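Below is one structure, written out as structure tokens, with a few remarks after it.
Derivation of every value follows stated rules applied to the coordinates shown; laboratory data play no part. Predicted model, so just to flag it, every value in this text is computed and none were measured. Here Cβ is always computed from backbone atoms with ideal geometry, including for glycine, and neighbour counts include all displayed protein chains.
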Amino acid sequence: APALYVVATPIGNLGDITLRALETLRGVDLVACEDTRHAKHLLDQHGLRVPTLALHQHNENEAAEKLIRLLGEGKRVALISDAGTPGVSDPGARTVAAVRAAGFRVVPLPGANAAITALSAAGLLDERFLFVGFLPAKVGARQTAITALATVDAALVFYEAPHRVLETVGDLAELLQTPLQPQREIIIARELTKLFEQIERLPLAQALAWLEADTNHQRGEFVLIVSAPPVKNSSELEVETERVLTALLAELP
Ligand code: SAM
């Protein structure tokens, strides 16, 4: 039966592809991919000879129409991105929406994802996280976006590229950590699943110094996780309320 298979591929380590992903890629008529050369490389590695079709952010609407025509002819189509899960900070969402709207089945194949991989090794006890992905590139927009996240009661998960990691971490430290607030922590996860994988957990206020201490710390692909704002427990709150009230009362005539 025709269907669009949304297939996660590795984020670095070539072994991180599922048996089901390989079986599915072997059985489809076409693989829609961000970059055909990149996809062919992956398919070659597994001895798969399947036609590819470029589907990236600049042609996603036309490419999706093409896929829908093929599905109408009864074809089976896979969608992959350059790395990890399609549609997560990657093209795919518009295609999936169009394919669903056209009444065809969309079948997700779970697999690698950088955010979840970093979270699995972060050891955060907060149950909740907010996936932010990439922040805006322009300074003003980025700082506005971070400020809007300052009071969110969840761990925050960001994606960042090496050429912006210093600026972004600097902004995160400045805008998410006030000096009087209990410390928030950051997990800097770089090159996940790759040779130079590094996962460092430290106070947010020390993150910039850590990056600057060694240029190797600034290399590669990054997931940044900032722990949730520490919540005071109720007895701490009562003590503080009493302290503030006592101080205020002393000021009354
Ligand atoms: N679709 C992908 C996923 O499921 O995670 C994300 C694609 S997005 C265009 C690329 C960004 O993901 C990188 O800039 C980096 O922030 C993050 N990323 C991808 N691979 C990574 C890795 N091996 N280690 C750390 N971060 C990675």
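One table, with the values for the structure above:
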{"item": "Gained length - Arg20 relative to Val106, 0.36 nm times residue gap less alpha-carbon distance", "result": "29.4 nm"}
{"item": "Antiparallel bridge percentage (DSSP; both residues within the chain; nearest 5)", "result": "45"}
{"item": "Ascending count of other beta-carbon atoms within 10 Å, so fewest first, for Ser81, Ser120, Ser89", "result": "Ser120, Ser89, Ser81"}
{"item": "The chain: calculated mean residue ellipticity at 222 nm from DSSP helix runs of at least 4, using -39500 (n - 2.57)", "result": "-11500 deg cm²/dmol"}
{"item": "Helix axis angle, 139-149 relative to the chain longest principal axis, alpha carbon, degrees", "result": "70"}
{"item": "With 5 Å bins from 0: P(r) over the chain, alpha-carbon pairs, percent", "result": "1, 6, 12, 14, 14, 12, 11, 10, 8, 5, 3, 2, 2, 1, 1, 0, 0, 0"}
{"item": "Nearest 10 degrees, 0 to 90: helix 234-251 Cα axis against the chain principal axis", "result": "40"}
{"item": "Estimated distance in nm for a label pair at Arg94 and Trp210, the labels positioned 7 Å out from Cα along Cα-to-Cβ", "result": "3.8"}
{"item": "Amide H contacts of Ala112 (H built 1.01 Å from N, under 5 Å, at least 5 apart or other chain)", "result": "Thr9"}
{"item": "Förster radius 25 Å - calculated FRET efficiency between Ala154 and Gln183, Cβ distance, rounded to 0.05", "result": "0.90"}
